[in-house]
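The values are calculated or read from the model by the stated rules, or taken from the named source; none is laboratory data. Note that the structure is predicted; figures quoted are calculated from it, not measured. A quick note on method: Cβ atoms are made from the backbone with ideal geometry, for glycine too, and the neighbour counts reach across all protein chains shown. Note: areas computed on protein heavy atoms with side chains; ligands, DNA, RNA excluded. Shrake-Rupley method; radii C 1.70, N 1.55, O 1.52, S 1.80 Å.
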Amino acid sequence: MKPQVLIAGAGPVGLTLAIEFARYGVPLRIVDKAPTRTDKSKAVAVWSRSLELFERAGIADELVAAGVKVQAAKISDGAETIAHIGFDGLDTRYSFVLMIPQSETERILEEELAKLGVTVERGVELKGFSDNGTSVEAFVARPDGSSETICANWLVGCDGAHSTVRHTLGKEFRGNSVATDFLLADIKLPGVIAHDELMMWWHRDGVVAFFPLPGDRMRLIASTGPSTNHAVEPTLAEVQAIIDSRGPGGLTATDPVWIARFKINERKVDDYRSGRVFVAGDAAHVHSPAGGQGMNTGMQDAFNLAWKLALVCDDVCADRLLDTYSVERSPVAAEVIASAGHLTRVAMMKNEYAQAIRNFVASHVLGLHAVQNVARETLSELSVAYPHSPLNGPHASGLGGPKPGHRLAPADTDPVSGREPKLAIFSDETPPDLVAEFPDLLEEKTRPSVQAGGIFLVRPDGYVAMTAKDGDWNAVRAYLHNFRRIGTA
Ligand SMILES: Cc1cc2nc3c(=O)[nH]c(=O)nc-3n(C[C@H](O)[C@H](O)[C@H](O)COP(=O)(O)OP(=O)(O)OC[C@H]3O[C@@H](n4cnc5c(N)ncnc54)[C@H](O)[C@@H]3O)c2cc1C
């Protein structure tokens, strides 16, 4: 069967997208130029919002079981605590950050995809493509040296920071590189470091961060200065020297499985769409790993695009709906680039006086309850919202609860987990014949209202589309007519 969608790249973002399409019954192919999955831990944090979205696909429990739940982040100067931010109390079933190596995340996603009947075609490299306005012809090289032209209706480039799709589209990857080098190491570090906290040391010589991993392992990330010789392989001795000079002492790193140098780039494309071609994940945006938001932001690109493209593939909406993908997701990446960059620069301050002021201010400001709330909502990505989305309908005046464009916290007892890309009604009344009028747009089941006196119409990705006062079904009907029209020429 001709695939509706071709996904280039089976990293965490391509796999997430493929699972969503497979769940929605959209025929797809997914190719990756690498012969095998990564065995590197790379991105180690899966935040609350990503877990909520994976819950819909039935994968959250498996991810959680394979990782380590971390309840807090602590900033210290190596000896004294500057700030301590707890993640408990977040309004979610997942009030923690899950630490899990990217290799494990990808394994779980790829196995889930296989259960849905889709196999990643490995060793298959996208070399180029042409978009003729009604379909995309993609040129791939196969592992045996042969080539193939894959014809699909849509192409999504989830092919990472050096994306062939982005290059072929000629999209500018606007931004800059941070002028400091970094080192990462996967090690064991028995001693005083807690395994249920993220730990960051702001030392006068540079920053070091520790992220607990399953199996008593630790990910270390440290700044190493502006002019590290990348030809010189980093060693455990170099890692130990950083721990000794910047930490409290008495810590010995052992059992390294991966030590590497890296540079931080802060870049994004302006528009994630070009005709029948999209970019998602690192292909669209890269930034500092501070805050561990990179992979999460990419996965949430996938959740956003999947239901829209599924509705278009099913001919429920035409392709103007797809323009809202970039409109909604591009500002999210811009915000992550700005906040992760800010955190990185604050952590790397060199001047001794500036450092003293930073530590003093941080210990006071980050001690404030309100600031801690903003920090944990931002890190967990529960605060991601689309307040200016063209998909937002009206909000009933005086009604509490989330407004259009904002996340609806999944209820404890009734997660939305539909296998169709449909909107859900949350209301204490039964809608008069609405489901029969919009069978391709509305879930059959009406869920209990999240706020007494109100109707909430919720998108397949868990964001509120519109609200109305009880009984005002005409407002819901008008929204659904409009929603359909978004896609019509
Ligand atoms: C050394 C390192 C450390 C990192 N540490 C962190 C961290 O601590 N926290 C964090 O949030 N993020 C971190 N990241 C970034 C994180 O790994 C990425 O944000 C995440 O992997 C993005 O996922 P993706 O699926 O968009 O891209 P990728 O994971 O890069 O996957 C892209 C896939 O596309 C395939 N591909 C590429 N070109 C083609 C082609 N032409 N045809 C077919 N397939 C192709 C590749 O083989 C790859 O499998 C790190 C990255 C690296 C490299």
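Is it the case, given these coordinates, that K115 is among the basic types (K, R), in contact (Cβ under 8 Å) with a residue 24 or more places away in the chain and more than 14 Å from the ligand (Cβ to nearest atom)? Step through it out loud before you land on a result.
Numbers: among the basic types (K, R): yes; in contact (Cβ under 8 Å) with a residue 24 or more places away in the chain: no; more than 14 Å from the ligand (Cβ to nearest atom): yes.
Answer is no for this residue.
Say whether the condition of being within 23 Å of the chain's Cα centre (by Cα), under 30 Å from T254 (Cα atoms), open to solvent by less than 60 Å² (accessible area, probe 1.4 Å) and in contact (Cβ under 8 Å) with a residue 24 or more places away in the chain is met by at least one residue in segment 187-198.
Yes, there is a match, as at least one residue in segment 187-198 is within 23 Å of the chain's Cα centre (by Cα), under 30 Å from T254 (Cα atoms), open to solvent by less than 60 Å² (accessible area, probe 1.4 Å) and in contact (Cβ under 8 Å) with a residue 24 or more places away in the chain.
Go through K469, K422 for me and flag whichever is basic (K, R), farther than 23 Å from V332 by Cα and in contact with a Pro (Cβ under 7 Å, 6 or more places away or on another chain). Working first, answer last.
On the way: K469 fails: in contact with a Pro (Cβ under 7 Å, 6 or more places away or on another chain).
Checking each option against the conditions leaves just K422.
Here are the criteria: (1) assigned to a strand (DSSP E or B); (2) at pLDDT below 95. Tell me which single one V31 does not satisfy.
(2)
Could you tell me how many of the residues in segment 92-111 are open to solvent by 10 Å² or more (accessible area, probe 1.4 Å) and either touching a strand residue (DSSP E or B) at 6+ places or on another chain (Cβ under 8 Å) or modelled with pLDDT under 90 (or both)?
The qualifying residues number 2.
Determine which member of the set F96, F129 is more than 16 Å from the ligand (Cβ to nearest atom) and in contact (Cβ under 8 Å) with a residue 12 or more places away in the chain. Before the answer, list the steps.
Values: F129 fails: more than 16 Å from the ligand (Cβ to nearest atom).
So the residue among F96, F129 that is more than 16 Å from the ligand (Cβ to nearest atom) and in contact (Cβ under 8 Å) with a residue 12 or more places away in the chain is F96.
More than 28 Å from A333 (Cα to Cα), modelled with pLDDT of 95 or more and acidic (D, E): which single residue out of E172, E148, E125 fits that description? Can you show your working first?
Values: E172 fails: more than 28 Å from A333 (Cα to Cα); E125 fails: more than 28 Å from A333 (Cα to Cα).
None of the others qualify; the one that does is E148.
Quick check on A8: is it touching a residue at least 40 places away in the same chain (Cβ under 8 Å), surrounded by fewer than 19 Cβ atoms within 10 Å (Cβ to Cβ), within 21 Å of K127 (Cβ to Cβ) and not basic (K, R)? Spell out how you get there, then give the answer.
On the way: touching a residue at least 40 places away in the same chain (Cβ under 8 Å): yes; surrounded by fewer than 19 Cβ atoms within 10 Å (Cβ to Cβ): no; within 21 Å of K127 (Cβ to Cβ): yes; not basic (K, R): yes.
No, not satisfied.
Would you be able to say whether some residue in segment 258-267 is over 28 Å from L480 (Cα atoms) and assigned to a helix (DSSP H, G or I)?
Within segment 258-267, the subset over 28 Å from L480 (Cα atoms) is 258-267.
Cutting the leftovers down to assigned to a helix (DSSP H, G or I) gives us none.
No, segment 258-267 contains no residue that is over 28 Å from L480 (Cα atoms) and assigned to a helix (DSSP H, G or I).
For segment 34-69, which residues satisfy the criterion of being outside any helix (DSSP H, G or I), more than 14 Å from the ligand (Cβ to nearest atom) and among the basic types (K, R)?
K69 - this is the single residue of segment 34-69 that is outside any helix (DSSP H, G or I), more than 14 Å from the ligand (Cβ to nearest atom) and among the basic types (K, R).
Residues of segment 148-168 being more than 7 Å from the ligand (Cβ to nearest atom) and open to solvent by 40 Å² or more (accessible area, probe 1.4 Å), which ones? I'd like the intermediate steps shown before the answer.
Filtering segment 148-168 for residues more than 7 Å from the ligand (Cβ to nearest atom) gives 148-157, 165-168.
Scanning segment 148-168 gives E148, T149, C151, H167, T168.
Looking at (1) within 13 Å of the ligand (Cβ to nearest atom); (2) in contact with an Asp or Glu (Cβ under 9 Å, 6 or more places away or on another chain); (3) at pLDDT below 95; (4) more than 17 Å from E328 (Cα to Cα), which one does E266 not meet, given that it meets all the others?
E266 satisfies every listed condition except (2).
I want to confirm something. Restricting to segment 215-242 and keeping residues that are part of a strand (DSSP E or B) and away from the ligand (no atom under 13 Å from the Cβ), which single residue is modelled with the lowest pLDDT? Spell out how you get there, then give the answer.
Initial filter on segment 215-242 (part of a strand (DSSP E or B)): 217-225.
Applying the additional criterion that residues be away from the ligand (no atom under 13 Å from the Cβ) yields 217, 223-225.
Values: R217: 93, S223: 88, T224: 88, G225: 79.
Per the stated criteria, the residue is G225.
Across segment 212-270, what is the number of residues that are within 25 Å of the chain's Cα centre (by Cα), charged (D, E, K, R) and more than 23 Å from G341 (Cα to Cα)? Talk me through it step by step, then tell me what you get.
Start the filter on segment 212-270 by keeping residues that are within 25 Å of the chain's Cα centre (by Cα), which leaves 212-215, 217-223, 258-270.
With charged (D, E, K, R) added as a condition, the list becomes 217, 219, 261, 263, 266-268, 270.
If we keep only those that are more than 23 Å from G341 (Cα to Cα) too, we end up with 217.
So the count comes out to 1.
Go through segment 443-462 residue by residue and tally those that are open to solvent by less than 40 Å² (accessible area, probe 1.4 Å) and either touching a helix residue (DSSP H, G or I) at 6+ places or on another chain (Cβ under 7 Å) or not in a strand (DSSP E or B) (or both).
From segment 443-462, those open to solvent by less than 40 Å² (accessible area, probe 1.4 Å) are 443, 447, 449, 453-462; that's our starting set.
Narrowing the set further to residues that are either touching a helix residue (DSSP H, G or I) at 6+ places or on another chain (Cβ under 7 Å) or not in a strand (DSSP E or B) (or both) leaves 449, 453, 455, 457, 459-462.
Here the count works out to 8.
For segment 271-282, check the following and say yes or no: at least one residue is within 15 Å of the ligand (Cβ to nearest atom), among the basic types (K, R) and not in a helix (DSSP H, G or I). Working first, answer last.
Within segment 271-282, the first condition is being within 15 Å of the ligand (Cβ to nearest atom), and the residues that meet it are 272, 277-282.
Among the residues that remain, those that are also among the basic types (K, R) are: none.
Scanning segment 271-282, I find no residue that is within 15 Å of the ligand (Cβ to nearest atom), among the basic types (K, R) and not in a helix (DSSP H, G or I), so the answer is no.
Looking at segment 247-274, which of its residues are on the phi > 0 side of the Ramachandran plot and open to solvent by 40 Å² or more (accessible area, probe 1.4 Å)?
Within segment 247-274, the subset on the phi > 0 side of the Ramachandran plot is 249-250, 255.
Across segment 247-274, the qualifying residues are G250, D255.
Only one of V208, V232 is out of contact with any Ser or Thr (no Cβ under 6 Å at 6 or more places or on another chain) and surrounded by 15 or more Cβ atoms within 10 Å (Cβ to Cβ); which? Break it down into steps so the answer makes sense when it comes.
Values: V232 fails: surrounded by 15 or more Cβ atoms within 10 Å (Cβ to Cβ).
Just one listed residue meets the conditions, V208.
Being of a type in the set (G, A, S), under 22 Å from F96 (Cα atoms) and open to solvent by less than 30 Å² (accessible area, probe 1.4 Å) is the filter here, so list the residues in segment 363-407 that pass it.
A375, S380, A385
(1) in contact (Cβ under 8 Å) with a residue 40 or more places away in the chain; (2) in contact with a Leu (Cβ under 7 Å, 6 or more places away or on another chain); (3) assigned to a helix (DSSP H, G or I): which one isn't true of N482, the others all being true?
(2)
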